[in-house]
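Worksheet for the structure shown next.
The values are calculated or read from the model by the stated rules, or taken from the named source; none is laboratory data. None of the values given here were measured: they were computed from a predicted structure. So basically every Cβ, Gly included, is an ideal-geometry build from the backbone, and we count neighbours across all protein chains shown.
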Amino acid sequence: MPMLVSGLIAGLVLGLASGGNWRNLAKVNLTLLPALIAGVIARIAAPFLGGLALTASIVGLVLVAVVALANRALPGAWLIACGALLNSFVTLVNGGMPIDPGILALSGKAPPSDGLHVILGPDTRLPFLADVLLIPVINNIYSVGDVVLAIGGFWMVFRLIRSR
């Protein structure tokens, strides 16, 4: 979710900087808003839920995808849905989001102990969808799904703010 939020914020800032109007966001009628709120809460709470962490995380991602698909006419919604589904799928088939130990070492970070991640290994399914992308500027590790989510969030807010 941090990448989606980063994309939303970047879209807001660049949309406003390029002459957009933030009031355009108030005109958006978001379908299934309660499901989006539930999904976001599930994702935020997941690391604190012990044995339910993985389930809460996947449910949260799926809810975000469902809301994005329900609002597919909005710019970027398809990308948000795709990113959320990529992350939920790779997490589901591996029993957690795989994270590359080599990338962890490069970042100087310890392996997460949040119940949401597993170490990427030879038995990892779909390793190219795992957390394998180190962004050095912020020293964080992301997945392809995270990047797709961020691009979708950016595009959605940027286009909505710039609409006339």
Exercise. Out of (1) buried (at least 19 other Cβ atoms within 10 Å of the Cβ); (2) under 19 Å from residue 131 (Cα atoms), the odd one out for residue 63 is which?
Worked result: (2)
For this session: Specify which of the listed residues (14, 30) is in contact with a helix residue (DSSP H, G or I) (Cβ under 8 Å, 6 or more places away or on another chain) and in a loop (DSSP other than H, G, I, E, B).
Result: 30
For this session: Could you run through region 101-133 and say how many residues are among the charged types (D, E, K, R) and touching a helix residue (DSSP H, G or I) at 6+ places or on another chain (Cβ under 8 Å)?
Result: 3
For this session: State whether one or more residues within region 66-75 are under 16 Å from the mean Cα position of the chain (by Cα), crowded, with 19+ Cβ neighbours inside 10 Å, over 19 Å from residue 154 (Cβ atoms) and modelled with pLDDT of 95 or more.
Result: no
Exercise. Does residue 79 count as in contact (Cβ under 8 Å) with a residue 60 or more places away in the chain, buried (at least 17 other Cβ atoms within 10 Å of the Cβ) and not acidic (Asp, Glu)?
Worked result: yes
Exercise. How many residues does region 51-60 contain that are free of Cβ contacts under 8 Å to residues at least 60 places away in the same chain and buried (at least 19 other Cβ atoms within 10 Å of the Cβ)?
Worked result: 4
Exercise. With respect to residue 96, is the statement that it is modelled with pLDDT under 95, farther than 24 Å from residue 9 by Cβ and either touching a Phe, Trp or Tyr at 6+ places or on another chain (Cβ under 7 Å) or surrounded by 14 or more Cβ atoms within 10 Å (Cβ to Cβ) (or both) true?
Worked result: no
Seminar exercise, completed: Turns out the strands (runs of 3 or more DSSP E) fully within region 72-156 with at least 3 residues that are of a type in the set (S, T, N, Q) and under 26 Å from residue 51 (Cβ atoms) are none
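With the structure loaded, tell me whether residue 159 is surrounded by fewer than 16 Cβ atoms within 10 Å (Cβ to Cβ) and charged (D, E, K, R) or whether it fails that test.
no
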Problem set entry | Hey, residue 54 assigned to a helix (DSSP H, G or I) and either under 17 Å from residue 132 (Cα atoms) or in contact with a Cys (Cβ under 6 Å, 6 or more places away or on another chain) (or both) or not | no
For this session: Please name all residue pairs, on different chains or six or more residues apart, with Cβ atoms under 6 Å, provided the first residue is in region 90-108 and is hydrophobic (A, V, I, L, M, F, W, C) and the second residue is part of a strand (DSSP E or B).
Result: 97/117; 97/131; 99/117; 99/131; 103/134; 103/141; 106/134
